[in-house]
Amino acid sequence: MKKFSLVSVFILAAFALALPVSSVFAATPGFGNLYYNGAIVRTVVPPAAFPNTGIDNFYKVTNGVAGQLGIASVAPGADGYHGGHWKVFTVIFNPEATHVLLTSQAAVLAAESAGTVTVTRNASADFLCPVQL
């Protein structure tokens, strides 16, 4: 009976410790890979939500073409990289626009200027996630 109780406590403790980890994975704007200046870069750790604290621009395209990933404005080695403190902007292709693959901040801003996409600040989605080149 004592062995059963000890095993039960261990299982419950393991489950309780896993709960915070699963909530981190809930904030997955492009987890794993994303674009930076036309190249695919990898994230280093699972993203963690940090609403209203972003510094560097991150673009999340909600209705892009197949293969569209999130887009980072900076990466390690670039001036102004702050370790992955992302300031999230939602990018939506306008209904009449031809959808294209966006792979850089410059491409997002050019599409916005051309009226192809609408870019909206989404401060509640800000997150922390370092990247590596």
**OP:** For residues that are at pLDDT 95 or above and more than 15 Å from Asn122 (Cα to Cα), tally how many sit in region 45-63.
**Re:** 1
Subject >> Long-range neighbours under 6 Å by Cβ, at least six apart or interchain, first residue modelled with pLDDT under 95 within region 64-81, second among the β-branched types (Val, Ile, Thr) and in a loop (DSSP other than H, G, I, E, B) >> reply: Gly80/Val74; Tyr81/Val74
Original post:
Do we have any residue at all in region 10-28 that's open to solvent by less than 50 Å² (accessible area, probe 1.4 Å), modelled with pLDDT of 50 or more and in a loop (DSSP other than H, G, I, E, B)?
Top reply: no
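The rows are residues; the columns are (1) more than 20 Å from Pro47 (Cβ to Cβ); (2) aliphatic (A, V, I, L, M); (3) crowded, with 18+ Cβ neighbours inside 10 Å.
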| position | (1), (2), (3) |
| --- | --- |
| Val61 | no, yes, yes |
| Lys87 | no, no, yes |
| Thr90 | no, no, no |
| Phe93 | yes, no, yes |
| Leu101 | yes, yes, no |
| Leu109 | yes, yes, no |
| Ser113 | yes, no, no |
| Val119 | yes, yes, no |
| Ala125 | no, yes, yes |
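The values are calculated or read from the model by the stated rules, or taken from the named source; none is laboratory data. Just so it is clear, the model here is predicted, and its values are computed rather than measured. All Cβ positions, even for glycine, are placed from backbone atoms using ideal geometry, and neighbour counts span all protein chains on display. What goes into the accessible areas is simple: the full protein's heavy atoms, side chains included, and nothing from ligands, DNA or RNA. Shrake-Rupley method; radii C 1.70, N 1.55, O 1.52, S 1.80 Å.
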